[in-house]
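Notes follow once the structure below has been shown.
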Amino acid sequence: MEHVRGGQDQEQERSAGPQLARLLRRWWEEAGSTTGGTRPTQQALAARLGIDQTTLSRYLNPKHLSTAPPRVVEILHTQLGAPATELEQARTLCRTALRENGRKQGSDSTADQAADPADPPAPSDPADPSDPSDPSDPSDDLGADGLNDTSGRQPSRWLRRALVAAAIMLAFTAGALVNERLSAPGPKATATGAAGALSASEAPYEWPLLRMGEEDQFSRARALQNLLNAHGYKVLADGFFRQDTRDAVMDFQQRHDLPVDGKVGPLTWPELVKVVEHGSGAFEVRAVQELLNNVGQGGTAVSGKFTAATVQDLKFFQRTHGLAATGRVNADTWLALLVKQLPPVKAPAYQRGTSRLPSAPL
């Protein structure tokens, strides 16, 4: 038993997560040694990253299961003056560790955020005897009308499956387009500033649906409540979708000729979100920061002020999700931020014990 446990420990030490932690820790320990400068304390370094010192210590500890996200790795490389040749090594270890964590947790939401799109799963071996699709099985050669192909040709079962999948996808897409045409209201000005459909509708995401409930709905609900306040309403941005939030949603829907159902989904979100950039109001900025703070980048300060750090975090998110890194929040970025929220977490420290309505900072 001890031998097995020792082997597991050695295997764990060789995995990407501990390797990344050792590399980051060496960067920190060697910071300032080559330039004659002073190595920053972990507390000071954590403040620059926008995370707490405990979280940073976990990222630098090979024995801990926490893996530093890509944004933290890149900022640490810059802040600590690490060798330029080691940045790509750290990025590779980070991607591998996140994939390993996703497989271990078995969570669809975590795996979706951690998986590397450049590393698709390998197809099963056609010669695998365990494959239920036996090429010698005559039932596998049925044509479109369910009859055996007597022409003597043996079409590839992979081709047939691909054609069937394509047909299903086309039928699904056609149905979705018809449903959208029937249910969507007429052309309106949107967060992009132009009339007509949002460009975000072309993205491979769907607007999340929020509705009134007893449970804490966390960052998405707080972002919703801040957006409602940005439109002149007064609701407590605490993540609980209560009657006051529902009343504000229904009033907003009525004013914008939307179905008045008190639910926030694909019709209401596009009208509710605003373009956020330098000079934007505190409530909409806070809504963006709420979402950025919970996408696994290491944390974003929720202050209501569109700071340089907020812009940096925003551009990093946009680059890593195939969006134009403008540092400006349009409908595409709002949609990606809402979709990419991590599993629910407890209320942030700045909100705990707060029961009054959030006010816009001066």
query = Of (1) among the hydrophobic types (A, V, I, L, M, F, W, C); (2) crowded, with 22+ Cβ neighbours inside 10 Å; (3) farther than 30 Å from residue 66 by Cβ; (4) touching a Gly at 6+ places or on another chain (Cβ under 8 Å), residue 275 satisfies all except one. Which?
reply = (2)
ask   = Given 93, 98, which one is open to solvent by 20 Å² or more (accessible area, probe 1.4 Å), at pLDDT 85 or above, out of contact with any Lys or Arg (no Cβ under 6 Å at 6 or more places or on another chain) and of a type in the set (A, V, I, L, M)?
value = 93
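How many residues does segment 201-240 contain that are among the hydrophobic types (A, V, I, L, M, F, W, C), in a loop (DSSP other than H, G, I, E, B), under 20 Å from the mean Cα position of the chain (by Cα) and farther than 14 Å from residue 341 by Cα? I'd like the intermediate steps shown before the answer.
Going through segment 201-240, the residues among the hydrophobic types (A, V, I, L, M, F, W, C) turn out to be 203, 207, 209-210, 212, 218, 221, 223-224, 227-228, 230, 235-237, 240.
Okay, now just the ones that are also in a loop (DSSP other than H, G, I, E, B), so 203, 207, 209, 212, 235-237.
Now narrow it down to the ones that are under 20 Å from the mean Cα position of the chain (by Cα): 203, 207, 209.
Then drop every residue that is not farther than 14 Å from residue 341 by Cα, which leaves 203.
Adding up the residues that qualify gives 1.
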request  = For segment 324-338, name all the residues that are out of contact with any Leu (no Cβ under 7 Å at 6 or more places or on another chain), in contact (Cβ under 8 Å) with a residue 12 or more places away in the chain and either within 19 Å of residue 74 (Cβ to Cβ) or open to solvent by 10 Å² or more (accessible area, probe 1.4 Å) (or both).
outcome  = 328, 330
task = Output yes when any residue across segment 304-323 is hydrophobic (A, V, I, L, M, F, W, C), in contact with a Ser or Thr (Cβ under 7 Å, 6 or more places away or on another chain) and either without any contact (Cβ under 8 Å) to a residue 12 or more places away in the chain or over 20 Å from residue 52 (Cα atoms) (or both), and no when none is.
result = yes
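The values are calculated or read from the model by the stated rules, or taken from the named source; none is laboratory data. Computed from a predicted model, the values in this text were never measured in an experiment. All Cβ positions, glycine included, derive from the backbone under ideal geometry; neighbour counts span all protein chains shown. Quick note on the areas: whole protein, heavy atoms, side chains included, nothing else; ligands and nucleic acids left out. Shrake-Rupley method; radii C 1.70, N 1.55, O 1.52, S 1.80 Å.
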